[in-house]
């Protein structure tokens with residue numbers, strides 16, 4: 001993989017949909033070391049598949065890389081592509097987790113979708129690939145239980 005094949009370092013429009021988005025991966029410079037990488041997307045949006053109204057969430061993605069890292073610009077564009085995508089909270093959260101796990105083949109990955117209320121009820125969704133390595137510090141996601149976040 002060369003820099004010419006990455007979206008990094010060049011103008012890249014926001015994809016129209018998650019299916020049209022391209023996630024890039026880059027080699028992990030420390031594949032012999034267990035460590036946690038965290039991405040927090042505090043302004044994630046998608047559309048309600050029933051009403052077409054926007055839904056809002058804080059996404060927290062934690063992973064322990066093996067051979068690959070997700071390139072952050074491509075992740076930002078991928079997550080941004082959900083803003084015109086109609087899907088339930090559970091579908092968005094789990095689909096993102098499965099897509100990243102398939103791309104990266106990490107030692108561990110978890111995603112927390114902390115969704116703002118729809119119909120007066122917040123729906124938080126959590127998915128992970130298994131148990132984290134014992135040597136990894138796995139901090140709290142830092143998003144409080146819903147109290148008017």
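Have a look at 129, 12, 93 and tell me which one the Gaussian network model of the chain (Cα, springs below 10 Å) gives the largest fluctuation.
12
222 nm [θ] for the chain, helices only, -39500 (n - 2.57) per DSSP H run of 4+, per residue, to 500? Please list the in-between numbers first.
On the way: 2 runs with 25 residues, N = 149.
The per-residue figure over the chain is -5500 deg cm²/dmol.
How long is the gain from residue 43 to residue 19 if the chain were fully straight, where each residue apart is worth 0.36 nm and the alpha carbon distance is subtracted?
Full-extension gain reported as 6.6 nm.
Just to be sure I understand: with springs between alpha-carbon atoms less than 10 Å apart, which residue in 95, 81, 20 has the highest mean-square fluctuation in the Gaussian network model of the chain?
20
Please give the contour-minus-distance gain from residue 33 to residue 136: 0.36 nm per residue of separation, less the Cα-Cα distance, rounded to one decimal in nm.
36.1 nm
Could you give the C-alpha radius of gyration of the stretch 58-103 expressed as a fraction of 2.2 N^0.38 Å, taking N as the number of residues it contains?
1.18
I want to verify a result. In a Gaussian network model of the chain, Cα cutoff 10 Å, which of these has the top mean-square fluctuation: 64, 94, 50?
50
Taking Cα atoms of the stretch 30-149, Rg/Rh with Kirkwood Rh, to two decimals?
0.98
With a cut-off of 8 Å between alpha carbons and a minimum separation of six or more residues, what is the relative contact order of the stretch 21-128 in percent? All intermediate terms of the calculation are to be shown ahead of the outcome.
Details: 215 pairs, mean separation 33.0, N = 108.
So the answer I get is 31 percent.
Bear in mind that the values in this text are calculations on the coordinates, not laboratory data. Small disclaimer: the values here were computed from a predicted structure and weren't measured.
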